[in-house]
């Protein structure tokens, strides 16, 4: 919860990673508020399709807050088998081969109440392709953030 911070409005963010993600590699999307602003996640959509033609392996995504003295605070991790997509919204989770937290209610709670970040403690989304083929699908994120005035949390 954010207290004693001036509400400045809502911010729509849409980010995509459009390059091919080779087998065994990662793609990262970072969302960093400008200095003097704090973002609190309000609504969210993440999607990446299953790697086309994959016959084995998994692919996964981690959502975490970065910038804590070189460490990260993992909020959510989802993994899916080779033939399934990964999707996460305020009300839907697709990709439950392996997930943390393990309970869907906790994942959704972390999504809408756990992501508060600033310029120095930013949001990072890392997708990893551990299947047997390259993934040519885009990794996409759309979000609405509540924006507050302030430097740090």
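The conditions of being surrounded by fewer than 16 Cβ atoms within 10 Å (Cβ to Cβ) and either over 20 Å from residue 39 (Cα atoms) or at pLDDT 80 or above (or both) are met by residue 91.
Scanning the range 70-88 for residues that are part of a loop (DSSP other than H, G, I, E, B) and loosely packed, with under 15 Cβ neighbours inside 10 Å, we see that the one that is modelled with the highest pLDDT is 85. Would you pick out the residues in the range 93-108 that are within 14 Å of the chain's Cα centre (by Cα) and without any contact (Cβ under 8 Å) to a residue 24 or more places away in the chain? Result: 93, 94, 99, 108.
The values are calculated or read from the model by the stated rules, or taken from the named source; none is laboratory data. Predicted model only: the values in this text are computed from it and were never measured. Neighbour counts are summed over all protein chains in view; Cβ atoms, including those assigned to glycine, are modelled from backbone coordinates with ideal geometry.
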